[in-house]
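Attaching a single structure in structure tokens format; questions to follow.
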Amino acid sequence: MDRRIVAGVAFVALAVALAACGGGGGGSKTATASPRAGASPATTGTSASGPETGSGTSTVPGLTPLPGTPGSGVPTLTSEQATLTSGIDPGIGGGDPNASPVVVSTIPPVKSKGTPVADSTEIAPAQAEAAGVTLLLDLDASTPGIQATRTVNAGDTLRVAVVITNAPAHQNGFGGVAALDFEIGYDHTKIIAPTISGGPPTARNPLLNVDALGGAAAAWDCLPAPEGDLDDPGGTNGDGKPDTGQAFLSCFTTTSNLMSGTIVLATIEFVAVAPGTVSLNFNSVDVGDALGQIFAYCGDHPANGTVVPCTGATLTVK
């Protein structure tokens with residue numbers, strides 16, 4: 001199924017839920033347990049020590065398994081989430097949300113310079129100054145401030161933050177961040193964002209920053225499933241071009257526990273696989289409030305909200 005068809009599911013689902021609840025900001029549902037702040041998407045039976053120098057590998061550096069196994073610490077779906085996802089195309093759902101997460105991306109052989117390093121899984125508090133609502137990419141999510149440029153070595157793992165500034169306050173049923181949808185474009189020949197199949201959709205790659213968006217009480221859900229590249233197997237369709245990557249996330253909440261101001265909305269984990277310069281850009285983004293109204297958008301979207309500045313970043317791989 002084409003991404004353009006399914007990308008608005010978060011906003012559609014939010015609108016349906018609001019209608020069922022009789023208005024905005026008043027919906028509620030049982031909270032879902034969430035992984036620790038900044039937890040990385042998980043792999044099964046893989047090492048976090050990085051790719052083998054000069055050889056192919058299925059392991060992905062920096063991807064730390066979620067604590068426990070299904071039924072013992074891994075979040076499970078609420079009844080409402082299960083109902084929402086039970087009838088959808090398995091490709092859109094990205095595998096069983098209660099199954100062990102696995103990496104489905106192809107990571108090519110990496111000739112690294114020395115021992116590969118991985119960014120911390122901790123997410124620094126959002127610190128960015130801007131006039132009005134803006135979207136920014138920060139090339140080091142664990143370091144305060146916005147790193148719009150950065151240099152890493154092939155084989156390294158980095159975590160990029162998607163930041164919004166000055167999101168409107170949630171008051172009288174309006175405002176707050178209740179839905180978001182973004183697609184980040186990058187050079188797939190230089191860096192790769194591994195796609196995760198299975199496991200909770202809020203704990204994959206891109207990784208929703210649940211703690212900054214109201215925590216477990218906000219009961220966020222992500223649909224279609226997040227993808228490091230829309231052309232990866234088992235998901236929605238991307239542009240079909242192997243040289244370009246499209247990291248995708250689409251999530252929503254129907255509760256009234258909504259955040260505002262400057263927020264790290266999500267992080268994207270990338271593996272640097274080849275030397276060169278990479279531009280990371282917002283191909284599209286929507287952010288909606290408690291009423292499902294889009295208050296910020298940019299890129300490849302219809303003019304049904306407020307156009308805001310969306311600033312990309314430049315990465316150098318050595």
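The values are calculated or read from the model by the stated rules, or taken from the named source; none is laboratory data. Note that the structure is predicted; figures quoted are calculated from it, not measured. A quick note on method: Cβ atoms are made from the backbone with ideal geometry, for glycine too, and the neighbour counts reach across all protein chains shown.
Working only within the stretch 148-184, note down all residues that are farther than 23 Å from residue 251 by Cα and part of a loop (DSSP other than H, G, I, E, B). Break it down stepwise before answering.
Initially, the stretch 148-184 is screened for residues farther than 23 Å from residue 251 by Cα, giving 148-157.
Matches in the stretch 148-184: 148, 153, 154, 155, 156.
What do you reckon, is residue 193 in contact with a Phe, Trp or Tyr (Cβ under 8 Å, 6 or more places away or on another chain), crowded, with 24+ Cβ neighbours inside 10 Å and closer than 20 Å to residue 276 by Cβ?
Working: in contact with a Phe, Trp or Tyr (Cβ under 8 Å, 6 or more places away or on another chain): yes; crowded, with 24+ Cβ neighbours inside 10 Å: yes; closer than 20 Å to residue 276 by Cβ: yes.
Spelling it out, residue 193 is indeed in contact with a Phe, Trp or Tyr (Cβ under 8 Å, 6 or more places away or on another chain), crowded, with 24+ Cβ neighbours inside 10 Å and closer than 20 Å to residue 276 by Cβ.
Looking at 313, 296, which one is within 23 Å of residue 128 (Cα to Cα) and touching a Cys at 6+ places or on another chain (Cβ under 9 Å)?
Values: 313 fails: touching a Cys at 6+ places or on another chain (Cβ under 9 Å).
The unique qualifying residue is 296.
Here is a further query. Just to be sure I understand, how many residues within the stretch 221-241 are aliphatic (A, V, I, L, M) and either more than 11 Å from residue 94 (Cβ to Cβ) or in a strand (DSSP E or B) (or both)?
Our first condition is that a residue be aliphatic (A, V, I, L, M); within the stretch 221-241, this holds for 223, 225, 230.
If we keep only those that are either more than 11 Å from residue 94 (Cβ to Cβ) or in a strand (DSSP E or B) (or both) too, we end up with 230.
So the answer is 1.
Please determine whether any residue of the stretch 208-220 is β-branched (Val, Ile, Thr), crowded, with 23+ Cβ neighbours inside 10 Å and not in a loop (DSSP other than H, G, I, E, B).
Keep residues of the stretch 208-220 that are β-branched (Val, Ile, Thr), which gives 210.
Checking which are crowded, with 23+ Cβ neighbours inside 10 Å leaves us with 210.
Checking which are not in a loop (DSSP other than H, G, I, E, B) leaves us with 210.
For the stretch 208-220, residues β-branched (Val, Ile, Thr), crowded, with 23+ Cβ neighbours inside 10 Å and not in a loop (DSSP other than H, G, I, E, B): present.
Would you confirm whether any residue within the stretch 107-123 is modelled with pLDDT of 90 or more, among the acidic types (Asp, Glu) and surrounded by fewer than 15 Cβ atoms within 10 Å (Cβ to Cβ)?
yes
Another one. So which of 231, 221 is touching a residue at least 60 places away in the same chain (Cβ under 8 Å), out of contact with any Asp or Glu (no Cβ under 6 Å at 6 or more places or on another chain) and of a type in the set (D, E, K, R)?
Details: 231 fails: touching a residue at least 60 places away in the same chain (Cβ under 8 Å).
So the residue among 231, 221 that is touching a residue at least 60 places away in the same chain (Cβ under 8 Å), out of contact with any Asp or Glu (no Cβ under 6 Å at 6 or more places or on another chain) and of a type in the set (D, E, K, R) is 221.
What's the total number of residues in the stretch 126-149 that are surrounded by fewer than 22 Cβ atoms within 10 Å (Cβ to Cβ), touching a residue at least 40 places away in the same chain (Cβ under 8 Å) and either touching a helix residue (DSSP H, G or I) at 6+ places or on another chain (Cβ under 7 Å) or on the phi < 0 side of the Ramachandran plot (or both)?
In the first step, residues of the stretch 126-149 are kept if they are surrounded by fewer than 22 Cβ atoms within 10 Å (Cβ to Cβ); the result is 127-134, 140, 142-149.
Right, trim to touching a residue at least 40 places away in the same chain (Cβ under 8 Å) and you get 127-128, 130, 132-134, 142, 147-149.
Next, from what is left, pick out any that are either touching a helix residue (DSSP H, G or I) at 6+ places or on another chain (Cβ under 7 Å) or on the phi < 0 side of the Ramachandran plot (or both): 127-128, 130, 133-134, 142, 147-149.
Residues meeting the conditions: 9.
Something else about it: Mind telling me which of the residues 132, 95, 91, 145 ends up being modelled with pLDDT under 90, part of a loop (DSSP other than H, G, I, E, B) and not hydroxyl-bearing (Ser, Thr, Tyr)? Even if it seems obvious, please write down each step before you answer.
Details: 132 fails: modelled with pLDDT under 90; 91 fails: part of a loop (DSSP other than H, G, I, E, B); 145 fails: modelled with pLDDT under 90.
Going through 132, 95, 91, 145 in turn, the sole match is 95.
Just the residues that are within 19 Å of the chain's Cα centre (by Cα) and over 21 Å from residue 284 (Cα atoms), please, taken from the stretch 146-162. So that I can check it myself, show each step before the final result.
Applying the first criterion (within 19 Å of the chain's Cα centre (by Cα)) to the stretch 146-162 yields 146-148, 157-162.
Matches in the stretch 146-162: 157, 158.
Looking for whichever is farther than 18 Å from residue 179 by Cα and not aromatic (Phe, Trp, Tyr) here; the options are 239, 221, 211. Which one fits?
Values: 221 fails: farther than 18 Å from residue 179 by Cα; 211 fails: farther than 18 Å from residue 179 by Cα.
Going through 239, 221, 211 in turn, the sole match is 239.
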